[in-house]
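Just below is one structure, and these are the notes that go with it.
The values are calculated or read from the model by the stated rules, or taken from the named source; none is laboratory data. From a predicted model like this one, the values you see are computed outputs, not experimental measurements. Note that each Cβ is placed from the backbone with ideal geometry, even for glycine, and that neighbours are counted across all protein chains shown. Remember, those area values only see protein heavy atoms, side chains included, never the ligands or the DNA or RNA. Shrake-Rupley method; radii C 1.70, N 1.55, O 1.52, S 1.80 Å.
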Amino acid sequence: GADHVAIDNEKAAREATEHLIALGRRTILAIGGRDDTGLGTAEARTRGYLAALAEAGIAHDPAALLPVKSFRMPDGAEAVARALREGLRPDALLCLNDQLALGALRALHEQGLRVPDDVAVIGFDDVEGGRFSVPTLSTVAPDKAAVARLAVELLQRRMEEDGTGADMEGAGAAPAADRSLQDLVAPHRLVLRESTEGPVSR
């Protein structure tokens, strides 16, 4: 076990999916989506996606979850190309990170589909490439400064618990099993750009 600092991934995915639904999109694929019972980031984001669909009364099609081998641009492109070959006709994509989303944009372009006219796309992480893609990419932006601040504060607190912090395994260090692990939540926000018909923002 270890301390953990991150955004509320489930809540963020729910908000991103709600944004797509508010645009009138109803056939929303989750690129990188996985079984929602695990403890990982992808599973948490999948839970948020499913919760938003359920709240809107949209039936979930298991085929709309498109797992990937890794969360890179080629995997996003391949997942979307495969879905289109198999006859899926989405009007929106929730991509579980921006790398997948950038790959998805390429696959949609190669198939002659327009973003956002035919398919709206939103990602996660607010990577720099999404600000310069064509169209620019809507995304969930974690407050990276807050993540860093919380992580450093937590590390400092742990070092103080261990005495001077000079020797984490030295005298006075508390056994890891005796510590109460911390799971801290940092803020996030939706950044709406051209890929979901939002205002252009860099």
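Remarks
- Annotation note: of Gly57, Gly32, Gly48, Gly76, the sole residue that is at positive phi, crowded, with 22+ Cβ neighbours inside 10 Å and not acidic (Asp, Glu) is Gly32.
The rows are residues; the columns are (1) out of contact with any Ser or Thr (no Cβ under 7 Å at 6 or more places or on another chain); (2) not hydrophobic (A, V, I, L, M, F, W, C).
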residue	(1), (2)
Asp3	yes, yes
Arg34	no, yes
Thr37	yes, yes
Ala54	yes, no
Pro62	yes, yes
Glu78	yes, yes
Ala81	yes, no
Leu88	yes, no
Asp98	no, yes
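- Region 136-154 - residue that is open to solvent by less than 20 Å² (accessible area, probe 1.4 Å) and either in contact (Cβ under 8 Å) with a residue 60 or more places away in the chain or touching an Asp or Glu at 6+ places or on another chain (Cβ under 7 Å) (or both) and, of those, farthest from Val68 (Cα to Cα): Leu154
- Which numbered condition Asp118 fails, given (1) charged (D, E, K, R); (2) loosely packed, with under 15 Cβ neighbours inside 10 Å; (3) in contact with a Lys or Arg (Cβ under 8 Å, 6 or more places away or on another chain): (3)
- The residues of region 85-102 that are surrounded by fewer than 17 Cβ atoms within 10 Å (Cβ to Cβ) and among the aliphatic types (A, V, I, L, M) amount to a single one, Leu88.
- Restricting Ala83, Ala151 to those that are under 24 Å from Gly33 (Cβ atoms) and more than 18 Å from the chain's Cα centre (by Cα) reduces the list to Ala83.
- Total residues in region 62-73, condition open to solvent by 50 Å² or more (accessible area, probe 1.4 Å) and free of Cβ contacts under 8 Å to residues at least 12 places away in the same chain: 2
- When region 1-29 is filtered for residues that are among the small types (Gly, Ala, Ser), open to solvent by less than 50 Å² (accessible area, probe 1.4 Å) and outside any loop (DSSP other than H, G, I, E, B), the ones remaining, listed by number, are Ala6, Ala12, Ala13, Ala16.
- Only one of the numbered conditions (1) free of Cβ contacts under 8 Å to residues at least 60 places away in the same chain; (2) assigned to a loop (DSSP other than H, G, I, E, B); (3) within 30 Å of Val152 (Cα to Cα); (4) not aliphatic (A, V, I, L, M) is violated by Arg34, and that is (3).
- When region 111-128 is limited to residues that are under 16 Å from the mean Cα position of the chain (by Cα) and β-branched (Val, Ile, Thr), the one that is nearest to Ala16 (Cα to Cα) turns out to be Ile122.
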